[in-house]
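Shown next, in structure tokens, is the structure this report addresses.
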């Protein structure tokens with residue numbers, strides 16, 4: 001008979017659950033050590049990437065070794081208060097993220113074209 005951890009058992013996870021978490025609403029000055037302290041309580045972490053550019057400040061990616069640890073972290077840290085900011089912890093979804101960036105690229109391209117051809121969409 002194989003030994004199965006009781007925690008994992010035969011639990012079926014929803015399809016959006018994965019090991020990579022996207023965290024928003026972080027204090028801009030949060031350190032890597034603080035991130036590991038907060039997120040490390042829920043399991044082994046493979047990597048944490050904290051946003052540093054103007055667009056990504058206040059966000060981070062947290063990658064867990066185990067998908068069940070990631071789920072536990074989402075369940076416990078969504079709404080967690082850090083320096084008077086409530087964390088938004090989501091499962092990273094590649095499709096949604098690339099859509100957002102594609103939309104931004106499209107808007108920038110439209111703005112460049114309008115500038116190039118002297119077209120304005122603003123009402124006069």
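Summary of computed values
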quantity: Cβ-based exposure ranking for 78, 53, 31, in which fewest neighbours within 10 Å come first; calculated: 53, 31, 78
quantity: Cα pair count fraction exceeding 14 Å, expressed as % - the range 7-58; calculated: 62
quantity: Residue 84-residue 105 pseudo-label distance in nm [points 7 Å out on the Cα-to-Cβ vector]; calculated: 4.0
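Bear in mind these aren't lab numbers, they're just calculated from the coordinates by the rules spelled out. The structure displayed is predicted, hence computed values, not measured ones. Using ideal geometry, Cβ is built from the backbone for each residue, glycine included, and neighbour counts are taken over all protein chains shown.
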